[in-house]
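Accompanying notes for the structure given below.
Values in this text are rule-based calculations from the coordinates and carry no lab data. As the structure is a prediction and not an experimental result, all values here were calculated from the model. Glycine also receives a Cβ, built like all others from the backbone with ideal geometry; neighbour counts cover every protein chain displayed.
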Amino acid sequence: MKRTTGTYAISTTLGEAVQAFVPHPLPPANPPLAPEAFADLNHQAELALARLSGVSGLVPSVDWLLYSAIRKEALLTSQIEGTQATLTDLFDEEAGFAVSNTDDVEEVTNYLRAFRLVQDNLRDPNGLPISVRLLCEAHRVLLDGVRGAGKQPGELRRSQNWIGGTRPGNAAFVPPPADRVADLLGDLEQFIHDEAGALPPLVRIALAHAQFETIHPFLDGNGRIGRLLIAALLEHWRLLPEPLMYLSGYLKQHQAEYYRRLSIIRTEGDWESWVAFFLEGVVTAASDAERGIIVIASLIAADRRRLLEASKASPASYRLFELLPMMPRFTIERVRQNWKPPFRPPLPPSRYWKTWVS
């Protein structure tokens, strides 16, 4: 049975009358989603997340893992939207080195700031819950001073937008009219906080992300805020205690399929194939992150052993080694700023000191 997932409303923009899609509230109905249809795949995804959480204890500090994981997510989610910055660019910028594509790096940095804002609120008993207001605050940070800064940062759109095409009339998709956005987001917020729902959390995250992208509530930055919502909901529903998984890597690798699966929700009412695609992505991304952590843990253990066996290694060398996972690129001044107690390099400098700061 083909499901209807929304209705159409006439919206006029740039002098053209277009059919704008208005999604039905979640969860899907007529027919409803059957949780048993995803039981096996959902179980695999939850197990992959549990294993990922478990292996994080292989390294001395989970902050070492978070440093790179959060930056990879920030970079990849920005690259989906066309940002050309690389991980090296981001590391160089943080270390104080000059980078050529400053604007692109700033976009990635803004995503990091928006991510931290959401995470800080969720972890603060007095902070904002996942809500329209919190997403608007994150959006304000995301577009601060970068491309899109003139497109109402932090505000729901007040005009009609469209996706693809050169004008509304030949667009690939026209989201709901601006005057429907607030109510639609209110329905989405209610779905997220409805504890009586029968669907498992990962399925609900898949639904929430797709619904947000369909509403497209901002004039710019919808994709990045929608993927940030995924990370926020993983923490909100306690599926992952720390953001160790970067799902945007999977979505970027399968970008055309990602967009196609979202599209057929609207055109064919096919929520099932989107949810299956999303759960497969979680399994893949979590398993990749797990393998990455094991490699990192082995590398750190081997390097620490070599350092401890070095006859000329000093206490300062050991301390610097502990800083390296969160400073892949650095200057002496940056090490000085991060050194606790106050930095006093050994005199004469050790062989390792000369190697690492060169």
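Miscellaneous remarks
- Nitroxide proxy distance, nm - points 7 Å out along Cα→Cβ at residue 37 and residue 122: 2.7
- Put simply, the amide H of residue 6, placed in the peptide plane, has neighbours under 5 Å in 24, leaving out anything fewer than 5 places away on its chain.
- Calculated FRET value between residue 307 and residue 132, using beta carbons and R₀ = 41 Å, to 0.05: 0.25
- To the nearest ten degrees, helix 201-215 and the longest principal axis of the Cα atoms of the chain are 60 degrees apart.
- Nearest 10 degrees, 0 to 90: helix 39-55 Cα axis against the chain principal axis: 20
- Adding -39500 (n - 2.57) for every DSSP H run of four residues or longer, then dividing by how many residues the chain holds, sets the calculated 222 nm ellipticity at -18500 deg cm²/dmol.
- Judged by the mean number of other Cβ atoms found within 10 Å, the most tightly packed of the peptides 43-50, 81-88 leads the ranking 43-50, 81-88.
- Computed extension length for residue 336-residue 253: 26.0 nm, one decimal, from 0.36 nm per residue of separation with the Cα-Cα distance subtracted.
- Choice from 51, 306, 334 showing the highest fluctuation, given a GNM over the chain with Cα pairs closer than 10 Å: 306
- Sites listed here are trypsin sites (Lys or Arg not before Pro) in the stretch 189-285 whose DSSP assignment is loop and whose Cβ has at most 13 other Cβ atoms within 10 Å: 238.
- Virtual spin-label span in nm between residue 298 and residue 166, 7 Å along Cα→Cβ: 5.4
- In the stretch 6-293, taking the dipole from charged Cβ atoms about the Cα centre, the farthest positive-side position among 136, 50, 241 is held by 136.
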